[in-house]
1. Residues of the range 24-69 being in contact (Cβ under 8 Å) with a residue 24 or more places away in the chain and of a type in the set (D, E, K, R), which ones?
2. Does Ser62 satisfy being in contact with a strand residue (DSSP E or B) (Cβ under 9 Å, 6 or more places away or on another chain), modelled with pLDDT under 95 and not hydrophobic (A, V, I, L, M, F, W, C)?
3. Of the numbered conditions (1) in a strand (DSSP E or B); (2) in contact with an Asp or Glu (Cβ under 6 Å, 6 or more places away or on another chain), Ser117 satisfies every one except a single condition; which is it?
4. Just to verify a result, which residue in the range 1-33, among those that are touching a strand residue (DSSP E or B) at 6+ places or on another chain (Cβ under 7 Å) and polar (S, T, N, Q), is nearest to Gln98 (Cα to Cα)?
5. Take the conditions buried (at least 17 other Cβ atoms within 10 Å of the Cβ) and modelled with pLDDT under 90 and apply them to Gly75. Does it pass?
6. Condition first: under 16 Å from the mean Cα position of the chain (by Cα) and aromatic (Phe, Trp, Tyr). Now tell me which residues in the range 1-49 satisfy that.
7. State which residue is nearest to Ile122 (Cα to Cα) when the search covers only the range 33-49 and only residues that are in a loop (DSSP other than H, G, I, E, B) and at pLDDT below 95.
8. Does Glu52 count as modelled with pLDDT under 90 and assigned to a helix (DSSP H, G or I)?
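The values are calculated or read from the model by the stated rules, or taken from the named source; none is laboratory data. All values derive from a computational prediction rather than experimental measurement. Don't worry about glycine lacking a Cβ; one is built from the backbone with ideal geometry, like all the others, and counts go over all protein chains shown.
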Amino acid sequence: MGFRSDLLICTTLECETKEEMLAAIHRAKEEGANLVELCIDSISFSHISEVEGLLRQRTLPSIVSFRSNLRRGRGCSSKKTGLQVLRLAVELDVEFVQVEFEMAKEEVITELMSRRSNSKIIISNYINNGGGGGT
């Protein structure tokens, strides 16, 4: 392939623990991924410091996402927790921070944009079978 150097391989990671996520990042890197999407909503954590530890220990450029569990059919997740995770990702200069369309209110985007140094903000919308949105 002549254009291989222009392609990036991204692996989406959904793990239940910080340790599993770190192991999955390592495996993705070994298998040739250039970056990973860290679905933080899939991890069980009792304190935001656990997420901070994960973000500080990652070994690949990353997209941090926190999707609404309601959109994924798993009950209701806390928007407060989601915003806390996204703010932390911006503060730690994670390369990409993905904001679910439903959370992308002007004040949220303004806050994230003003706090960021190098992070790029992605607003995403997920449409499943022509149904409702989400990421």
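1. Within the range 24-69, Lys29, Glu37, Asp41, Glu50, Glu52, Arg56, Arg58, Arg67 qualify.
2. When the stated conditions are applied, Ser62 does not pass them.
3. Here Ser117 meets the rest and fails (1).
4. Applying the filter and picking the extreme gives Thr12.
5. no
6. Selection gives Phe45 alone.
7. The residue in question is Ile43.
8. Taking the combined requirement at face value, the residue does not satisfy it.
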